[in-house]
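The values are calculated or read from the model by the stated rules, or taken from the named source; none is laboratory data. Because the structure is predicted, anything quoted here is derived from the model rather than measured. Ideal geometry is used to build each Cβ from the backbone, glycine not excepted, and the neighbour counts take in all protein chains shown. Areas reflect the complete protein model, heavy atoms only, side chains present, ligands, DNA and RNA absent. Shrake-Rupley method; radii C 1.70, N 1.55, O 1.52, S 1.80 Å.
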Amino acid sequence: MNEALQKIESETAAAIQELLEAHPLDEGSVLVIGCSSSEVGGGAIGSASSAEIGQAVFAGASRIARSRGIFLAAQCCEHLNRALVIEEACRRAFGYERVSVVPWLKGGGALATAAYSAFKNPAVVEHIRADAGIDIGGTLIGMHIREVAVPFRPKTARIGSAAVTAAWSRPKLIGGSRARYE
């Protein structure tokens, strides 16, 4: 792997590490990641997909997720309606419904393709409710995070040329003036 791809892998790992230090997730939680490899490489979203960048981002994300026992969900691009690639074990644990599709670079995107190739037993699903997530390049992961999403800005504000935002979820605060919250 060349130096630029190693940097992308390290930046991805650092951004996720920051998110998990700010808001630790329990083992077995789900972390969604969306990534525009085009944006990471300095282009406009959807203009220059890069398998190598997708693999570097996945490698950095996967390393951190595995070390913490967290399930990783890789969001596909809009051509697959932002379906997600997860491990079969995650699908079974949460009862997610499998769909039939295999992502590839121009139909699913670089990150989803990398995840599908790297996961031991990949499954593709349409919907999840992740506990936290990271968005690299404005891929709109919010639809996959549980209510209520709390925005987080990691110090690692860019991966390659792409802007990074993140979020975690917290339980809803319900009740009125008599309600107590920890």
Report summary line: Note: R92 to R180 extended length (0.36 nm per residue) minus current alpha-carbon separation gives 28.2 nm
Query raised in the report: What is the antiparallel percent of DSSP beta bridges lying wholly in the chain, to the nearest 5?
Result: 65 percent
Query raised in the report: What 222 nm value per residue comes from the helices of the chain, counting each DSSP H run with n ≥ 4 as -39,500 (n - 2.57) and dividing by all residues, nearest 500 deg cm²/dmol?
Result: -10000 deg cm²/dmol
Query - For the range 58-182: relative contact order, % (alpha-carbon pairs under 8 angstrom, 6 or more apart) - result: 19 percent
Query raised in the report: So what is the accessible area of the chain per residue, in Å², with the probe set to 1.4 Å?
Result: 52 Å²
Requested in this report: Counting other Cβ atoms within 10 Å, keep those with at most 15, restrict to DSSP loop, and tell me which chymotrypsin sites (Phe, Trp or Tyr not before Pro) in the range 88-182 are left.
Outcome: Y181
Requested in this report: Could you state how much accessible area H23 has, in square angstrom rounded to the nearest 10, with a 1.4 Å probe and all protein chains kept in place?
Outcome: 50 Å²
Query raised in the report: So how much accessible area does L173 have, in Å² to the nearest 10, using a 1.4 Å probe?
Result: 110 Å²
Query - Separation between Cα centres of the range 33-52 and the range 89-152, rounded to whole Å - result: 16 Å
Query - For the range 29-149, convex hull of alpha carbons as volume per residue, Å³ - result: 89 Å³
Query raised in the report: Sorting E52, E88 by accessible area (1.4 Å probe), largest first, what list results?
Result: E52, E88
